[in-house]
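Input: a single structure, listed below in structure tokens.
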Amino acid sequence: MEKIPDFIDFLLENDIEVSPDLDICYSPSRGYHVLLSLDVKNPLARNTPLARVPKSAVLSASSSVLCNLLSDDKQRSLAGLVLAYLIERNLGDRSPWSRYLDMLPSREESCLRFWDQDEQEWVRETDAADILRAAEEDLAEMYDNTATPFFESQRAVVRATIGENVPWDNFTSKKTFADAVSVVAARCFEIDAFIGLGLCPVADLFNHSDHEDVHFETRFEVCEWCGNNDTCEHDAQALREAAGENDNESEGDDSAPPEIEDGNNDDFNDINVDDDDDGDDDKDTCDIVVHRRIAFSRQGYIQRTREIFNSYGPLSSGQLLVKYGFAIRRNAHDYLSLEREMRALYREEGIPWHELIDGSGHFNSDAGTKHLDGFRWQDEWEDVSEGEESREHDHGDNHHKASSEEGGESELKIDIRGRISFHLWDRLVLYCVRTGGSPSPSAYHEILRVFNSAPSSLANRLSGTSRCIIETLLVLLSRRWDRYQDGGILSAEYDYVISEEVASRELTDRESRKRNALIVLANEKEMLELAKARCEKALGIV
Ligand SMILES: [Zn+2]
């Protein structure tokens, strides 16, 4: 709390603009968060900028003292940013970001990774456990392939930079690295093609909601060698390389890291020149912008205050729990994997799983469609398996680095409305083709309608293969349901416990972890319930 005044000084010195309507606050249970106070007569229009951070104030591997010690691709990666963060943090007051870094915890204590063993048991059968396993593998990979080689090869330089008072083994241990990853991964943003991932002061103070008020905006398309957002000397060179005239690999030599620290105030002065124009793309800033009109009810007080939220991306409950350590009941972006159950069914029937998997290990949907020539259900299913992709069409907005690079995500899933993803659909169809009759085009369209919003009268018209698909899905859902071994507790019953837990007092850390575990369980149970109800309705069971 007492760190906020120092942070405000840091903002002023770095020309970071924050709307006077915003208040940066701290509370023990909520951590740092942002409140908005508004006169109810003056709602905020969409695209109103609320904060503006010069890119030069962003902490990244290319702006930190370690800029020349890592290759370009490593600099832009999470591992590169974590190394930059570790070094800047150990520089203490000598780092230009010290008053920002002082506000950050030493690790994100509530992340699933740091729960006690018995606490992790609460979510053992949820997707969160699988996502955590994949995240641990990613972490080990980053540590072994980037951090360790870096510390070994750059020991002298790093030692000289941070000084002798930091114990080397302590600084370079896997535990230190894991703690740093938790802090960095929970608040980094994709800045642009040159910087890659970075820590953006102020932008990372907003909490997450799946119905966000603001979003993070930068111009991503800049020169990847120098960060210039207009024309630069590399344009001609890029053209030559594209034409194949220049084959000496010169990327490393050409990178001209921007100077962030003192003295380089040219960029800052530009900001005020054209800041009245939202559509302006030339700004060298990261902006927090109103995502949808914010208006307060006119009842009661003239001046109203509430917390405002950003979105960290379209993340499922499991992803939120692993990366940030919280969950949201009825999270709009949730999904539930049925992959384990589907694989077991394939095994039992002796159907090879990998026949449909291409060499890189990703599901190859083309291979799937070959068996079913001509049936184009993909288009109709795109809205079901949307998620990550849809965000990219968000005209260049950059969200928190979302899930796409993280493992542990299944393509075989149901969503918050109990609908099934294209890949799960594909697997179900193939399963039925292999075990039963062959499908007809009309059968697919029937089932599409069933899953999109089926009147129960459709049940009578289901053909044999369609029935097979729905019955198979019911088997998967029922096996997934049994996995929890909780005596079949319903989502509504979990809700009851959750609401009991939320007494008006502050929760202890353990209580708050338990509450988040219960929310993840309730979310998964509810998705299973909805999907099961759809199936039963279609089959005429209910
Ligand atoms: Zn350039």
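The values are calculated or read from the model by the stated rules, or taken from the named source; none is laboratory data. Not measured: the values here are computed from a predicted model. Because the Cβ atoms are built from the backbone with ideal geometry, glycine has one as well, and the counts that use them run over all protein chains shown. To get the accessible areas, we keep the full protein, side chains included, count just its heavy atoms, and leave off ligands, DNA and RNA. Shrake-Rupley method; radii C 1.70, N 1.55, O 1.52, S 1.80 Å.
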Name the pairs: first residue in region 215-230 and at positive phi, second residue within 10 Å of the ligand (Cβ to nearest atom), Cβ to Cβ under 8 Å, at least 6 apart or on different chains? GLY227/PHE194
Checking the conditions here, which among SER56, SER63 is in a loop (DSSP other than H, G, I, E, B), modelled with pLDDT of 90 or more and open to solvent by less than 20 Å² (accessible area, probe 1.4 Å)? SER63
Does region 516-533 contain at least one residue that is open to solvent by less than 40 Å² (accessible area, probe 1.4 Å) and more than 19 Å from GLN319 (Cβ to Cβ)? yes
Exactly one of these conditions fails for LEU112: (1) modelled with pLDDT of 90 or more; (2) open to solvent by less than 20 Å² (accessible area, probe 1.4 Å); (3) in contact with a strand residue (DSSP E or B) (Cβ under 7 Å, 6 or more places away or on another chain). Give me its number. (3)
Condition broken by MET103, with the remaining ones in (1) assigned to a loop (DSSP other than H, G, I, E, B); (2) open to solvent by 20 Å² or more (accessible area, probe 1.4 Å); (3) in contact (Cβ under 8 Å) with a residue 12 or more places away in the chain satisfied: (2)
Residues (more than 23 Å from ASN68 (Cβ to Cβ) and free of Cβ contacts under 8 Å to residues at least 60 places away in the same chain) located in region 174-214: LYS174, LYS175, ASP204
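A quick yes/no check of all residues on (1) at pLDDT below 50; (2) open to solvent by less than 40 Å² (accessible area, probe 1.4 Å); (3) over 32 Å from the mean Cα position of the chain (by Cα); (4) within 16 Å of the ligand (Cβ to nearest atom):
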site	(1), (2), (3), (4)
ASN248	yes, no, yes, no
ILE260	yes, yes, no, no
ASP267	yes, no, no, yes
VAL289	no, yes, no, no
THR305	no, no, no, no
ILE308	no, yes, no, no
GLY325	no, yes, no, no
LEU338	no, yes, no, no
Selection from region 76-95 of residues that are open to solvent by 20 Å² or more (accessible area, probe 1.4 Å), closer than 23 Å to LYS323 by Cβ and not aliphatic (A, V, I, L, M): ARG76, SER77, ARG89
Give the residues of region 38-53 that are over 17 Å from GLU212 (Cβ atoms) and at pLDDT 90 or above, sorted by residue number. ARG52, VAL53
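So that you can scan it fast, the table gives a plain yes or no per residue for (1) out of contact with any Gly (no Cβ under 8 Å at 6 or more places or on another chain); (2) among the basic types (Lys, Arg):
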| site | (1), (2) |
| --- | --- |
| ARG30 | yes, yes |
| LEU38 | yes, no |
| ALA57 | yes, no |
| SER64 | yes, no |
| LYS74 | no, yes |
| GLY80 | no, no |
Failed criterion for PHE206 (all others in (1) modelled with pLDDT of 90 or more; (2) touching a Ser or Thr at 6+ places or on another chain (Cβ under 6 Å) hold): (2)
Has region 505-515 got at least one residue that is modelled with pLDDT under 90 and farther than 21 Å from GLN120 by Cβ? yes
Do you know which residues across region 120-152 are more than 17 Å from ASP73 (Cα to Cα) and open to solvent by 50 Å² or more (accessible area, probe 1.4 Å)? GLU121, TRP122, ARG124, ARG133, GLU136, GLU137, GLU152
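Residue by residue, here is whether (1) touching a Cys at 6+ places or on another chain (Cβ under 6 Å); (2) more than 27 Å from ALA517 (Cβ to Cβ); (3) at pLDDT 80 or above holds:
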{"residue": "ALA454", "(1), (2), (3)": "no, yes, no"}
{"residue": "LEU458", "(1), (2), (3)": "no, yes, no"}
{"residue": "GLY464", "(1), (2), (3)": "no, yes, no"}
{"residue": "CYS468", "(1), (2), (3)": "yes, yes, yes"}
{"residue": "GLN485", "(1), (2), (3)": "no, no, yes"}
{"residue": "ILE489", "(1), (2), (3)": "no, no, yes"}
{"residue": "TYR494", "(1), (2), (3)": "no, no, yes"}
{"residue": "ILE498", "(1), (2), (3)": "no, no, yes"}
Do the conditions hold for TYR494, that is, is it under 23 Å from GLU341 (Cα atoms) and touching a helix residue (DSSP H, G or I) at 6+ places or on another chain (Cβ under 9 Å)? no
